[in-house]
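Have a look at the structure below, then the notes.
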């Protein structure tokens with residue numbers, strides 16, 4: 001996949017919405033494309049998390065205790081917290097169709113985030129926005 005295609009894909013992802021063109025290009029260099037067949041478990045609940053996944057094609061189900069809690073498709077992402085803290089996954093994610101994800105691993109993204117505070121801050125803002133939407137509460 002060409003770098004410009006990857007940058008265009010990143011631009012559609014809310015987590016990277018605040019990044020400028022140069023920042024998107026830096027992040028896009030870290031991405032690898034992974035393919036998963038229908039039925040494949042992409043992320044296993046309780047497993048150590050080291051990767052962020054952005055769905056490029058296909059769809060997935062997020063499951064907790066065997067029950068589907070959400071479904072995701074192109075432009076959606078998961079694993080953003082685990083890629084930063086390496087903590088355990090909080091759900092299973094299974095491919096509902098043949099699925100293509102853009103992935104990045106913590107040992108690639110952490111040095112970039114440490115060196116470029118503006119990227120870290122912009123991504124943090126988006127993660128907080130997502131958390132607020134998921135768990136509305138008074139501040």
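Throughout, read-outs are computed from the coordinates displayed, never taken from laboratory work. The model shown is predicted, which means the values in this text are computed figures rather than measured ones. In this analysis, Cβ positions are derived from the backbone assuming ideal geometry, glycine residues included, and neighbour counts consider all displayed protein chains.
Computed values, structure above
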| read-out | value |
| --- | --- |
| Contact order relative to length of region 3-134, as percent, for alpha carbon pairs under 8 angstrom and 6 or more apart | 32 |
| Three-way shape call for region 69-139 based on the alpha-carbon gyration tensor, with the a/c threshold at 1.5 | oblate |
| For the chain, calculated [θ]222 nm from helices alone, where every DSSP H run of n ≥ 4 adds -39500 (n - 2.57) | -11000 deg cm²/dmol |
| Ranked 99, 7, criterion: other C-beta atoms within 10 Å, fewest first | 7, 99 |
| Distance histogram in 10 Å bins (all Cα pairs of region 1-77, percent per bin) | 16, 46, 29, 8, 0 |
| The chain: equivalent-ellipsoid semi-axes (sqrt of 5 x gyration tensor eigenvalues, Cα, Å) | 23, 19, 14 |
